[in-house]
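Chemist: Below are the structure tokens for one structure; questions will follow.
The values are calculated or read from the model by the stated rules, or taken from the named source; none is laboratory data. Bear in mind the structure is a predicted one, so any value in this text is a computation, not a measurement. So basically every Cβ, Gly included, is an ideal-geometry build from the backbone, and we count neighbours across all protein chains shown.
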Amino acid sequence: MTKSIGVVLALAAVFFGYLIWENRRAIKDRRAIKHVVYVNGTRGKSSTTRLIDGGLRAAGLRVFCKTTGTLPMTINTDGVEQLIHRRGAANIREQLQILHKAAKEHADVLVIECMAVNTVYQNISQHRMVRADIGVITNVRLDHTDVMGETLPEIAEALSNTIPKAGILFTAEQEQFSVLAKNAQALGTRIFQVLPEESFATIDWPDNVALALAVCDQLGVNRETALFGMHTFYQRDPYALSFYRVGKGALFINGLSINDLQSTLKVFETLHKKLEFGKGKFILLLNSRADRASRTIQMAELVRDLTPDSLWLLGSGRKLLYHTLPRRISKEKMPEIQLYKRAAKLEFSGLQPEDVIFAAGNIAMEGKKLMDRIREEGTPDVL
């Protein structure tokens, strides 16, 4: 028994010793980097992170960038993009590894996307790991309600865990700005609300571009140089909002990475104004996961709000969504429904040039397989 206790104590000593060493290395790495920009928010984190990276590179700064997005990626100081190969589930300790890599490459700026959803982990990742001096909260939307709160004010509070202490915070959020401002003030941090310009839409979502420009300006990069960098160096997330022609010319809109209902509706409304929906058939394609049952009701409400002519349900959560729909939509307004277990079974050959498919829900699992197929069989389109 005594020997067993000794082994446990020895292991505990090794473990705590490692934590102390890890913390000291993180502090040393952080001191080696002039600025750390930590990007959080519900939507647009990856795009905003990449836009900031592009704008800063154009000014000659050594930038190391890391996005979580659909696939976790790094862009090193030479501009080389590389996939992060994880062993097992995602862990916020990954942020410490990124901090160390950035320091080893003598980066002037580390631009890093928050990968935590849990509020405690968000707080730890900012205040004990990356210790950013510039924070970005893109927006506040209803998403991850099981861990971040069921209301927008609660989610704003959750996202506030990554606000830097005695630093600067940029946000494009309007409705919950007062919550963010209150929490920023408590930390001695200055907060700035940025406003989008429609001309930015040629690069990316205007809110994202406006945020990136604000960060670049804060770090001494003028608007012209930053915009040039965004046009030149900006590499979109491989699964971000995109457009293809499939079948006999039908328009396929990839919105699978837009997880929350509010943002999906906003994107759809913007595209609906730009495109002439109504000439052909409007198909809503929803990929859902069985392990994300909390989003099933949101997806059912999306079907109700978008009123498609036809509904294609894909993925492991398709049956749960199918049985949820009658509780949200009357029989008279229920669209024609088709269920698909695998993306390979979807049939596009009968679609006409006037038809539109809007894919949403979730990019994981069958969503990725669907987009791999679309890229192989379809033709990229620019609206």
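Chemist: Considering only residues of the stretch 329-378 that are assigned to a strand (DSSP E or B) and either of a type in the set (Phe, Trp, Tyr) or not assigned by the TED database to the domain that holds Thr307 (or both), which is surrounded by the fewest Cβ atoms within 10 Å (Cβ to Cβ)?
Modeler: Among those residues, the one meeting the criterion is Tyr340.
Chemist: Just the residues that are within 19 Å of Gly367 (Cα to Cα), out of contact with any helix residue (DSSP H, G or I) (no Cβ under 6 Å at 6 or more places or on another chain) and not in a loop (DSSP other than H, G, I, E, B), please, taken from the stretch 314-328.
Modeler: Arg318, Lys319, Tyr322, listed by residue number.
Chemist: Please find, among Leu219, Leu302, the residue that is of a type outside the set (Phe, Trp, Tyr), touching a His at 6+ places or on another chain (Cβ under 8 Å) and farther than 23 Å from Thr379 by Cα.
Modeler: Leu219
Chemist: Turning to a different aspect of this structure: Need the failing condition index for Glu224 against (1) in contact (Cβ under 8 Å) with a residue 60 or more places away in the chain; (2) surrounded by fewer than 19 Cβ atoms within 10 Å (Cβ to Cβ); (3) not assigned by the TED database to the domain that holds Lys279, just the number.
Modeler: Condition not satisfied by Glu224: (1).
Chemist: Would you confirm whether or not the stretch 39-49 contains a residue that is outside the structural domain of Ser263 (by the TED database), outside any strand (DSSP E or B) and surrounded by fewer than 17 Cβ atoms within 10 Å (Cβ to Cβ)?
Modeler: No.
Chemist: Would you mind finding the one in Thr77, Thr151, Thr138, Thr68 that is of a type in the set (Ser, Thr, Tyr), under 14 Å from Gly41 (Cβ atoms) and surrounded by fewer than 23 Cβ atoms within 10 Å (Cβ to Cβ)?
Modeler: Sole residue among the options that is of a type in the set (Ser, Thr, Tyr), under 14 Å from Gly41 (Cβ atoms) and surrounded by fewer than 23 Cβ atoms within 10 Å (Cβ to Cβ): Thr68.
Chemist: Can you find, within the stretch 100-153, the residue that is nearest to Gln176 (Cα to Cα) among those that are free of Cβ contacts under 8 Å to residues at least 60 places away in the same chain and touching a Lys or Arg at 6+ places or on another chain (Cβ under 9 Å)?
Modeler: The selected residue is Leu152.
Chemist: Name the residue, out of Lys101, Lys66, that is assigned by the TED database to the domain that holds Phe228, within 24 Å of Phe233 (Cβ to Cβ) and not in a helix (DSSP H, G or I).
Modeler: Result: Lys66 is the single residue among Lys101, Lys66 that is assigned by the TED database to the domain that holds Phe228, within 24 Å of Phe233 (Cβ to Cβ) and not in a helix (DSSP H, G or I).
Chemist: Output the number of residues of the stretch 88-135 satisfying the condition of being small (Gly, Ala, Ser), crowded, with 21+ Cβ neighbours inside 10 Å and in contact with a Pro (Cβ under 9 Å, 6 or more places away or on another chain).
Modeler: 2
Chemist: Return the total of residues in the stretch 159-179 being part of a helix (DSSP H, G or I) and within 19 Å of the chain's Cα centre (by Cα).
Modeler: Total satisfying the criteria: 4.
Chemist: State whether one or more residues within the stretch 273-280 are over 27 Å from Glu175 (Cβ atoms), without any contact (Cβ under 8 Å) to a residue 24 or more places away in the chain and surrounded by fewer than 20 Cβ atoms within 10 Å (Cβ to Cβ).
Modeler: Yes, the conditions are met somewhere in the stretch 273-280.
Chemist: The conditions are (1) within 28 Å of Gln97 (Cβ to Cβ); (2) surrounded by fewer than 22 Cβ atoms within 10 Å (Cβ to Cβ), and Pro164 fails exactly one of them. Which is it?
Modeler: Condition (2) is where Pro164 drops out.
Chemist: Turning to a different aspect of this structure: Provide a single number: the residues in the stretch 18-38 that are in contact (Cβ under 8 Å) with a residue 24 or more places away in the chain, hydroxyl-bearing (Ser, Thr, Tyr) and surrounded by fewer than 24 Cβ atoms within 10 Å (Cβ to Cβ).
Modeler: Counting residues in the stretch 18-38 that are in contact (Cβ under 8 Å) with a residue 24 or more places away in the chain, hydroxyl-bearing (Ser, Thr, Tyr) and surrounded by fewer than 24 Cβ atoms within 10 Å (Cβ to Cβ) gives 0.
Chemist: In the stretch 197-296, which helices (runs of 4 or more DSSP H) lie fully inside it and hold 2 or more residues that are modelled with pLDDT of 95 or more and over 28 Å from Val117 (Cβ atoms)?
Modeler: Helices (runs of 4 or more DSSP H) meeting the threshold: 223-233.
Chemist: Same structure, new question: Scan the stretch 191-204 and give yes if some residue there is assigned by the TED database to the domain that holds Gly55, surrounded by 19 or more Cβ atoms within 10 Å (Cβ to Cβ), touching a Pro at 6+ places or on another chain (Cβ under 6 Å) and of a type in the set (D, E, K, R), otherwise no.
Modeler: Among the residues of the stretch 191-204, not one is assigned by the TED database to the domain that holds Gly55, surrounded by 19 or more Cβ atoms within 10 Å (Cβ to Cβ), touching a Pro at 6+ places or on another chain (Cβ under 6 Å) and of a type in the set (D, E, K, R), which makes the answer no.
Chemist: What are the residues in the stretch 130-148 that are within 18 Å of the chain's Cα centre (by Cα) and among the basic types (Lys, Arg), if any?
Modeler: Within the stretch 130-148, just Arg141 meets the criteria.
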